[in-house]
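K.L.:
Before anything else, here's the structure in question.
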Amino acid sequence: MNKPILAAATALATLPFSVNADVNFSGFASVVGGVATDSDVEVRGYDDNVNFKTGSFFALQAYSDLTDDLSATVQIRARGRDDWEPEFTWAFLSYEVSPSWRIQAGRQRIPMYLYSDYLDVSYAYHWIAPPGEVYKAPFDSIDGIASIHDLTVGDAMVNLRLYYGTEDFESQGNDYQMENIISVVASVNYGWWTFRSSYLQFDFSGELGLEPLVAAWQMTPFPEVGSELDVNEDKSEGLEFGVIFDNQDWLFVAEYIPSSLDETLIGDYEPWMVSVGKRFDNFMVHATMGEDVSKPYRDAINQVPLGVDPGLDALYAQTEAVLATREYSLPFYSVGLRWDFHSSAAMKFEYTHTELFGGDKSGALQAAIVTVF
């Protein structure tokens, strides 16, 4: 445990809690082993050496009712892929304005996906983890405020949410900033069906490691190409549409998540998936198919004339090589088995076959023990 978290934990342990501020602890964990079926490739973070760190994690959550409709929630997660460095994924206060309306302030999960509310709780769904080809955002929490409403319309239960906040994160050695995050979420549960849709927008800035190429384009008659390669307070917008059917015998899940960062290298994402499962007593077999689709913005580069200047041609070639890494359509397929061998634990097995960037195809085998406690 790092020093800031250790200090915080020590301070909390010494506080004189009142009898009206009981703290309830819960947790969940996944111990996952995986291996790619071919050498010299990486599938879902696995190569051809068996790895027990990439998908494994432990999390501890504390909840305290502070009385008078106020409560506090803290969640700490440590992931193997982060060398088990603990981090606060949740740390928020919640105030119940009425039985059907509450406000949350602090660090909290932003519900970008159908399974966002329990994204890390593998015990709550059939996969070892939701497909990373679709659930690929490098962040899952924000610092901000949320308004959450629950209501009934006939026999349907409706949940409406509004979020506003900010987030800073690091991905592949680069730092990114998200400001003015606004998210609107609506979900409807009717019998065995759950329908969900969300809208997300934010201002996005970050260092993509392309600064020399951006600067070179700024010295040409086509500086807008450099702007396409730069990400600086650009507006991103995303939608999500999802549906779940679960009658405790058959399971059907479908989700489509289009998003765009206009006039940038990142461009458009359109990942989707469909999953079907069938239960047999304590066992479930399931299959999933989907596609990871990405297309960068190209309007400016398409306006550059070729064959006029060798230097310009060289810049064009370098830029095309960068854009090519962002343009792909990669289908994937997976089959899995879940065995509920314990009242609070399950074993899971999955095989995933996917097309990789560059046209290669490969697979990954995973096995996991998941639990809640």
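The values are calculated or read from the model by the stated rules, or taken from the named source; none is laboratory data. What you see is a predicted model, and the numbers here were worked out from it, not measured in a lab. Every residue, glycine among them, receives a Cβ derived from its backbone with ideal geometry; neighbour counts consider all protein chains shown. We work out accessible area using only protein heavy atoms, side chains counted, and drop any ligands, DNA or RNA first. Shrake-Rupley method; radii C 1.70, N 1.55, O 1.52, S 1.80 Å.
K.L.:
Only one residue in F341, F349 is under 28 Å from D47 (Cα atoms) and either in a strand (DSSP E or B) or hydrophobic (A, V, I, L, M, F, W, C) (or both), so which one is that? Talk me through it step by step, then tell me what you get.
P.N.:
Details: F341 fails: under 28 Å from D47 (Cα atoms).
Matching residue, one of F341, F349: F349.
K.L.:
Something else: Given the conditions (1) closer than 22 Å to E87 by Cα; (2) at pLDDT 95 or above; (3) of a type outside the set (K, R), which single one is not true for T152?
P.N.:
(1)
K.L.:
Find the residue count for the range 325-339, including only residues that are open to solvent by 30 Å² or more (accessible area, probe 1.4 Å) and of a type in the set (G, A, S).
P.N.:
Number of matching residues: 1.
K.L.:
Just one of the numbered conditions (1) open to solvent by less than 20 Å² (accessible area, probe 1.4 Å); (2) free of Cβ contacts under 8 Å to residues at least 12 places away in the same chain is not true of G154; which one?
P.N.:
(1)
K.L.:
Kindly establish whether E291 is open to solvent by less than 50 Å² (accessible area, probe 1.4 Å), modelled with pLDDT of 95 or more and either closer than 28 Å to E179 by Cα or touching a His at 6+ places or on another chain (Cβ under 7 Å) (or both).
P.N.:
Numbers: open to solvent by less than 50 Å² (accessible area, probe 1.4 Å): yes; modelled with pLDDT of 95 or more: yes; either closer than 28 Å to E179 by Cα or touching a His at 6+ places or on another chain (Cβ under 7 Å) (or both): no.
When the stated conditions are applied, E291 does not pass them.
K.L.:
Can you tell me how many residues within the range 294-324 are open to solvent by less than 40 Å² (accessible area, probe 1.4 Å) and outside any helix (DSSP H, G or I)? Explain how you work it out, then say what you get.
P.N.:
Our first condition is that a residue be open to solvent by less than 40 Å² (accessible area, probe 1.4 Å); within the range 294-324, this holds for 294, 296, 300-301, 304, 312, 315, 319, 322-323.
Now narrow it down to the ones that are outside any helix (DSSP H, G or I): 294, 296, 300, 304.
Qualifying residue count for the region: 4.
K.L.:
Let me ask something additional. Return the residues of the range 78-93 that are of a type in the set (A, V, I, L, M) and open to solvent by less than 60 Å² (accessible area, probe 1.4 Å); say none if nothing qualifies.
P.N.:
Across the range 78-93, the qualifying residues are A78, A91.
K.L.:
Among the numbered criteria (1) open to solvent by 30 Å² or more (accessible area, probe 1.4 Å); (2) in contact with an Asp or Glu (Cβ under 9 Å, 6 or more places away or on another chain); (3) of a type in the set (A, V, I, L, M), which single criterion is violated by I142?
P.N.:
(1)
K.L.:
What's the total number of residues in the range 69-86 that are on the phi < 0 side of the Ramachandran plot, touching a strand residue (DSSP E or B) at 6+ places or on another chain (Cβ under 6 Å) and free of Cβ contacts under 8 Å to residues at least 60 places away in the same chain? Write out each step before concluding.
P.N.:
Let us first name the residues in the range 69-86 that are on the phi < 0 side of the Ramachandran plot, namely 70-82, 85-86.
With the extra rule that they be touching a strand residue (DSSP E or B) at 6+ places or on another chain (Cβ under 6 Å), the set shrinks to 70-79, 86.
Next cut, free of Cβ contacts under 8 Å to residues at least 60 places away in the same chain only: 70-75, 77-79.
The qualifying residues number 9.
K.L.:
Separate question: Looking at I301, I266, I257, can you tell me which residue is under 30 Å from D117 (Cα atoms), modelled with pLDDT of 90 or more and not basic (K, R)? Please lay out each step first, then the result.
P.N.:
Working: I301 fails: under 30 Å from D117 (Cα atoms); I266 fails: modelled with pLDDT of 90 or more.
So the residue among I301, I266, I257 that is under 30 Å from D117 (Cα atoms), modelled with pLDDT of 90 or more and not basic (K, R) is I257.
K.L.:
State all residues of the range 204-258 that are under 30 Å from V188 (Cα atoms) and acidic (D, E); if no residue qualifies, say none.
P.N.:
Correct list: E237, E240, D246, D249, E255.
K.L.:
Would you mind stating whether R44 is closer than 16 Å to Q366 by Cα and touching a residue at least 60 places away in the same chain (Cβ under 8 Å)?
P.N.:
On the way: closer than 16 Å to Q366 by Cα: yes; touching a residue at least 60 places away in the same chain (Cβ under 8 Å): yes.
Spelling it out, R44 is indeed closer than 16 Å to Q366 by Cα and touching a residue at least 60 places away in the same chain (Cβ under 8 Å).
K.L.:
When the range 252-283 is examined, which residues are found to be assigned to a strand (DSSP E or B), open to solvent by less than 10 Å² (accessible area, probe 1.4 Å) and either out of contact with any Pro (no Cβ under 7 Å at 6 or more places or on another chain) or charged (D, E, K, R) (or both)? Walk me through it before giving the result.
P.N.:
Narrowing the range 252-283 to residues assigned to a strand (DSSP E or B): 252-256, 259-261, 267-269, 272-280, 283.
Pick out the ones that are also open to solvent by less than 10 Å² (accessible area, probe 1.4 Å) and you get 253, 255, 261, 267, 273, 275, 277.
Listed by number, the residues that qualify are V253, E255, L261, S275, G277.
K.L.:
Further question on the same structure: Does any residue in the range 199-224 that is in contact (Cβ under 8 Å) with a residue 40 or more places away in the chain come within less than 9 Å, Cβ to Cβ, of a residue that is among the aromatic types (F, W, Y) six or more places away or on a different chain, and which pairs are these?
P.N.:
L200/Y163; F204/Y176; E224/W217
K.L.:
Restricting attention to the range 301-337, which residues are over 25 Å from P271 (Cα atoms) and in contact with a Gly (Cβ under 9 Å, 6 or more places away or on another chain)?
P.N.:
D313
K.L.:
So the check is Cβ under 9 Å with 6+ separation or different chains; which pairs have a first residue in the range 351-362 that's over 17 Å from V293 (Cβ atoms) and modelled with pLDDT of 95 or more and a second one that's open to solvent by less than 80 Å² (accessible area, probe 1.4 Å) and of a type in the set (K, R)?
P.N.:
T352/R44
K.L.:
Could you look through the range 157-190, keep only residues that are among the small types (G, A, S) and buried (at least 17 other Cβ atoms within 10 Å of the Cβ), and pick out the one that is nearest to the chain's Cα centre (by Cα)?
P.N.:
So in the range 157-190, the residues among the small types (G, A, S) come out as 165, 171, 173, 183, 186-187.
Applying the additional criterion that residues be buried (at least 17 other Cβ atoms within 10 Å of the Cβ) yields 165, 183, 187.
Numbers: G165: 17, S183: 15, S187: 18 Å.
Among them, the one singled out is S183.
K.L.:
What tally of residues in the range 191-221 results from selecting those that are over 17 Å from E179 (Cα atoms) and either touching an Asp or Glu at 6+ places or on another chain (Cβ under 9 Å) or open to solvent by less than 40 Å² (accessible area, probe 1.4 Å) (or both)?
P.N.:
Selection size over the range 191-221: 15.
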